[in-house]
Amino acid sequence: MVATDVSPEAIAFCQKRMPDYAERFQVLDCVTQRLNDSFDFIYAVAVVHMLVPDEDRNAFYTFIQKHLKRDGLALICTMGDGNTERKTDIRTAFDLHHRIHEQTGKSVQIASTSCRMVNFQTFEKELEQNGFLRIKQGITAVEPDFPQMMFAVVRKK
């Protein structure tokens, strides 16, 4: 098992939280980097919706293709309700925005991110174009952060 994230801070947090498995957490940009391993199962949650341009999304799917064993399965979860399509302007990613924290009512500054939500038709098209066969798809949740997410279980064609 290997757990990856593009954020060094996120990886450091995980390593501190689970020191017995610290070596299994790695900083990785799945759009531009590769691993030396292949896997029976890849779980990609909250990745693809952060990628707005088609070329970045395709690079992500290529990463999964290259690292999935011949008979392996991938579970890809992405924000979306299956119907709505929208995307943010990547030029404004990381701009600071004023928000009120729900639980405390205190004012906070948060950085925006990039986001592209697609409907099932677009999601299916992306998977097909990138050489995947869908085994199952639907709507799920990863509470509390993602109360509604699309998912697809796929394998290589």
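Basic side chains Lys and Arg get +1 at the Cβ, acidic Asp and Glu get -1 at the Cβ, and with that the dipole of the chain about its Cα centre reaches some 300 debye.
Please give me, ordered by residue number, the GluC sites (Glu not before Pro) of the range 79-157 that lie in loop per DSSP and have at most 13 other Cβ atoms within 10 Å.
Numbers: sites: 85, 102, 124, 126, 128; in loops: 85, 102.
Hits after loop and neighbour filter: 85, 102.
Using θ = phi - 60° and the Karplus relation 6.51 cos²θ - 1.76 cosθ + 1.60, list the HN-Hα couplings for the range 130-141 in order, rounded to whole Hz, with x at every Gly or Pro. Once θ is set to phi - 60°, the couplings for the range 130-141 become 9, x, 10, 9, 7, 8, 7, 8, x, 10, 9, 9 Hz.
Taking every protein chain into account, the accessible area of the range 1-140 amounts to 65 square angstrom per residue (probe 1.4 Å). Simple rule: put +1 on each Lys or Arg Cβ and -1 on each Asp or Glu Cβ in the range 73-130, find the dipole, and look at 105, 83, 127; the Cα lying farthest toward the positive end is 105.
Does the range 82-126 classify as rounded, prolate or oblate by the C-alpha gyration tensor (a ≥ b ≥ c root eigenvalues; a/c under 1.5 gives rounded; else a/b over b/c gives prolate, otherwise oblate)? Note, shape of the range 82-126 comes out oblate. Indicate the gyration tensor shape class of the chain (rounded, prolate or oblate), computed on the Cα atoms with a ≥ b ≥ c the square roots of the eigenvalues: a/c under 1.5 is rounded; otherwise a/b larger than b/c is prolate and the rest oblate. Note, shape of the chain comes out oblate.
The value of relative contact order for the chain, using C-alpha pairs under 8 Å at least six residues apart, is 21 percent. For the chain, with all protein chains in place and a probe radius of 1.4 Å, 51% of the accessible heavy-atom surface sits on carbon or sulfur. Based on DSSP, what percent of beta bridges with both residues in the range 36-157 are antiparallel, to the nearest 5? Taking every DSSP beta bridge within the range 36-157, about 80 percent pair in antiparallel fashion.
With both labels modelled 7 Å from their Cα along Cα-to-Cβ, the residue 39 to residue 88 distance reads 2.4 nm. Between the range 106-142 and the range 42-97, the C-alpha centres lie 6 angstrom from each other. Near residue 59: Cβ cut-off under 15 Å, other residues only, Lys/Arg at +1 and Asp/Glu at -1. The net charge is -1. Backbone phi angles across the range 32-43, fed through the Karplus curve with coefficients 6.51, -1.76 and 1.60 (θ = phi - 60°), yield HN-Hα couplings of 10, 10, 9, 9, 8, 10, 10, 9, 6, 9, 10, 10 Hz in residue order; Gly and Pro are listed as x. By the helix-only formula, in which each DSSP H run with n ≥ 4 contributes -39500 (n - 2.57) and the sum is divided by residues, the chain has a 222 nm mean residue ellipticity of -6500 deg cm²/dmol. Here residue 125 is the anchor, and the lysines within straight C-alpha reach of less than 26 Å, apart from those fewer than 8 places off in the same chain, are 66, 69, 87, 136, 156, 157. Taking a ≥ b ≥ c as the square roots of the eigenvalues of the Cα gyration tensor, an a/c ratio of 1.5 or more together with a/b no larger than b/c marks the range 33-79 as oblate.
Extending 7 Å from the Cα toward the beta-carbon at both residue 155 and residue 100 defines two label points whose distance is 5.2 nm.
Here the gap between residue 29 and residue 54, fully extended at 0.36 nm per residue and compared with their Cα-Cα distance, gives a gain of 7.4 nm. Cross-link partners of residue 16 among lysines, defined as those whose alpha carbon lies under 29 angstrom from its own and excluding same-chain residues fewer than eight positions apart: 106.
The values are calculated or read from the model by the stated rules, or taken from the named source; none is laboratory data. All values reported here derive from a predicted model rather than from experimental measurement. Glycine gets a Cβ as well: all are built from the backbone with ideal geometry, and neighbour counts include every protein chain shown. These area figures cover heavy atoms from the full protein model, side chains too; ligands, DNA and RNA do not enter into them. Shrake-Rupley method; radii C 1.70, N 1.55, O 1.52, S 1.80 Å.
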